[in-house]
Amino acid sequence: MLLKRIYDHSSGEPVLDHVVVIRAGDEQHFSTGLVEAAVMEDWMTLGGGRLMLKTKPKLSYRIKRMPGYYCCHCGESQPGALEAQAHVAADHGKKKSPNPENPSGYERILYYDCVKEG
């Protein structure tokens, strides 16, 4: 994703007015650091299962997965690594992980996995 901040200088001080999306995909991974900074800078809001960018017109992304642990077999969210290990052992036994990058059968993501709305 490539963004540009647009500032309003009418008050004598630059005040963020909105952002322009120069390039973005329909599916997007937003890092936790980007989301935290954007919310603090007031060009993104997070709530109701969505990330809303302060663009003209507004741009919304539905959050498919929040940062955290997920089972590679069934996609179920897990509260932590120990719970994910226990879930894989109990529900999926000795089945080989469907994700070769995560042979343990679970993964930890550090981003918001989103899809563009509208």
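Read-outs: derived from the displayed coordinates by stated rules, not from any lab. The shown structure was predicted, so the numbers you read here are calculated from the model rather than taken from an experiment. As a convention, Cβ positions derive from the backbone with ideal geometry for all residues, glycine included, and neighbour counts pool all protein chains shown.
Miscellaneous remarks
- Neighbour counts of C-beta atoms inside 10 Å place Met1, Met52 in the sequence Met1, Met52, starting with the fewest.
- Length-normalised contact order for region 2-64 - Cα pairs under 8 Å, 6+ apart - percent: 24
- Chain lengthening between Val115 and Ala89 when straightened (0.36 nm per residue, less Cα-Cα): 6.3 nm
- Here the extension length gained between Ile22 and Lys56 equals 11.0 nm, from 0.36 nm per residue of separation less the Cα-Cα distance.
- Exposure proxy ranking for Leu110, Leu53, based on other Cβ atoms within 10 angstrom of each Cβ and starting from the fewest, stands as Leu110, Leu53.
- Only helices enter the 222 nm calculation for the chain: every DSSP H run of n ≥ 4 contributes -39,500 (n - 2.57), and dividing by all residues gives -5500 deg cm²/dmol, rounded to 500.
- Per-residue ³J(HN,Hα) for region 41-50, Karplus 6.51 cos²θ - 1.76 cosθ + 1.60, θ = phi - 60°, Hz, x for Gly and Pro: 7, 6, 10, 8, 10, 10, x, x, x, 9
- 3J(HN,Hα) from dihedral phi, region 100-105, Karplus parametrisation 6.51/-1.76/1.60, rounded to Hz, x for glycine, proline: x, 6, 10, x, 6, x
- Relative to the dominant Cα principal axis of the chain, helix 81-92 is inclined by about 50°.
- Listed values for region 30-36 are Karplus-derived 3J(HN,Hα) couplings in whole Hz (6.51 cos²θ - 1.76 cosθ + 1.60, θ = phi - 60°), namely 9, 5, 4, x, 5, 5, 4, and x replaces Gly and Pro.
- Loop sites in region 1-80: trypsin sites (Lys or Arg not before Pro), DSSP, at most 12 other Cβ within 10 Å: Lys58
- Shape call, the chain: gyration tensor on alpha carbons, a/c limit 1.5: prolate
- Region 68-111: C-alpha gyration tensor shape, a/c 1.5 cut-off, then a/b vs b/c: oblate
- In region 1-87, GluC sites (Glu not before Pro) in a DSSP loop with at most 15 other beta-carbon atoms within 10 Å: Glu41, Glu76
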